[in-house]
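See structure below.
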Amino acid sequence: MLHRSRPYWRAVSSSAVSVLFVLAACSGSLDGQQDQQIDQPTELSPQGPNSQPSADLEETARIEPTTYPTHTPRPPIAPTPEPAFDRGPKGIQGAILDTASGFLFSFPEITLTNVGSYMSIGYDEAAAGSVFIVIDLAMRNPGDTIAYLGGAGFQVFDDNGVSHDPEYAIVDCRLENSVQVLPGGELTGCMVFEIPNTGHLSLVYAPYQNNRFGEDRYLGWEISYNQIQEPGALRPNVRVSGSSSYRPEFGDGWAYVYGERIVGEMQYTGNKPIAQLAIEIQLYDTQRRLIETLEGVSWMETILPGDKVIYWTDLESGALGISNIELIVSAKQADSNEGSGIYREFRMSEFNLQQTQTIWYEMSGYIENTGNQNVTGVGIHVIAYDRDGNIVGYDVAVASHETEELAPGSASPVEGSMRLFHPAGLEAVDHFEFLFESYRIGS
């Protein structure tokens, strides 16, 4: 997914001083303190007033607000075993007759180099109960004539004995079409299959039509892969860097791993407003070896003492092997101008999600200015939680008022799209939390 460089509601504002505000009660404090009661619970109805359901919307979140439960995250991610398969080269001596053409062919020598399992690849998500398997391999021509090599002839059999063909549209693995390979030459690429998430599969290469699975007419591998489990929760270690005279302080918070996405939250425990937050995410395995360093993305601009910070990033290689996370955080103290336009007095009502024909959910509802100041550039951070207080979705909605201003006592529809990270989709969502960013007109 492409990272948006800044909150997109700022594109309509000529100048902005943003503020972060937590409207709803937290799902439970990060250090395990007691729940906080919601004074005015937000009613989450299926439709806003005067709204009509769209024809292409399939599912609607109907979620009753309750007192948020104590935060009880899922167990930490268990150590991930290495996938098991025969890594040596395999081939068949002698010529093989292809009855479709009547020609004799020599079998290529095939070596599997890696097997990965993923819940999603880019914008493609595996069906419920299934997983994408990516098999990296090399095909060498051991003969003394040109060979045509490619993905034709590969199949996977799942534990139910059902065959699956490669999914060429998901990843360009360079094996969709056969190519000429000179004697001694080697072709490398990958195969992608979508299969039930059982942790085991059988890979077969049988390219020729007559008696395909007869003796010495095919190559086979038994593969045990990393079965994707329920998304795990990790408590990152947070370190502050930078040479600023003010060093902000953060609580550890929680981070959640969903396939190729990490999303996390932490509490700002400092005593001064900060801006220009930068987050470096370091991923470690069980042996404390560094796996990957990534840039964390946060769409929050000005952060006040006590505010919650949401961040996320996309992984290059899925969640395999992650056991520990460290956050390297830097920020500068916000100047007086950045804090002068603070405005927090909003109320969200009738919020709901509707599933579209894509992986995105449409957000709708109404935001009301309950204060006494005119405001503009209202952005709403929407966080979806499960019943245990774990983040299962996050994105930003905007107030869609035509004047770009919201007067005291007035309300505006909100709009935006959200992608839920949890594979259970809407079934995993129990409640929402809203964090507002806005500023006074003329401030």
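The values are calculated or read from the model by the stated rules, or taken from the named source; none is laboratory data. Keep in mind it's a predicted model, so treat the numbers as computed, not measured. Don't worry about glycine lacking a Cβ; one is built from the backbone with ideal geometry, like all the others, and counts go over all protein chains shown.
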- Query: Looking only at the stretch 403-421, which residues are closer than 15 Å to Glu368 by Cα and at pLDDT 85 or above?
  - Reply: Leu406, Ala407, Pro408, Gly409, Ser410, Ala411, Ser412, Pro413, Val414, Glu415
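Residue-wise test of (1) of a type in the set (Gly, Ala, Ser); (2) within 20 Å of Tyr218 (Cα to Cα); (3) touching a strand residue (DSSP E or B) at 6+ places or on another chain (Cβ under 6 Å).
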| position | (1), (2), (3) |
| --- | --- |
| Phe105 | no, yes, yes |
| Asn114 | no, no, yes |
| Tyr118 | no, no, yes |
| Phe132 | no, no, yes |
| Thr145 | no, no, no |
| Tyr168 | no, no, no |
- Message: Condition first: modelled with pLDDT of 80 or more, among the hydrophobic types (A, V, I, L, M, F, W, C) and in a strand (DSSP E or B). Now tell me which residues in the stretch 76-118 satisfy that.
- Response: Ala84, Ile110, Leu112, Val115
- Every listed condition ((1) modelled with pLDDT of 85 or more; (2) within 23 Å of Ala424 (Cβ to Cβ); (3) under 21 Å from the mean Cα position of the chain (by Cα)) holds for Tyr123 save (1)
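Quick grid of which residues meet (1) touching a Ser or Thr at 6+ places or on another chain (Cβ under 9 Å); (2) at pLDDT 85 or above; (3) not hydrophobic (A, V, I, L, M, F, W, C):
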site: Gln282; (1), (2), (3): yes, yes, yes
site: Arg288; (1), (2), (3): yes, no, yes
site: Ile291; (1), (2), (3): yes, no, no
site: Ser298; (1), (2), (3): no, yes, yes
site: Ile303; (1), (2), (3): no, yes, no
site: Leu320; (1), (2), (3): yes, no, no
site: Ile328; (1), (2), (3): yes, yes, no
site: Ala331; (1), (2), (3): yes, yes, no
- Query: Scanning the stretch 147-166 for residues that are hydrophobic (A, V, I, L, M, F, W, C) and in contact (Cβ under 8 Å) with a residue 24 or more places away in the chain, which turns out farthest from Leu219 (Cα to Cα)?
  - Reply: Ala147
- Do we find that Glu186 is in contact with a strand residue (DSSP E or B) (Cβ under 6 Å, 6 or more places away or on another chain) and within 16 Å of Phe107 (Cα to Cα) in this structure? yes
- Message: Out of the residues in the stretch 266-311 meeting the condition of being among the charged types (D, E, K, R) and within 19 Å of Ile342 (Cα to Cα), tell me which one is surrounded by the fewest Cβ atoms within 10 Å (Cβ to Cβ).
- Response: Lys272
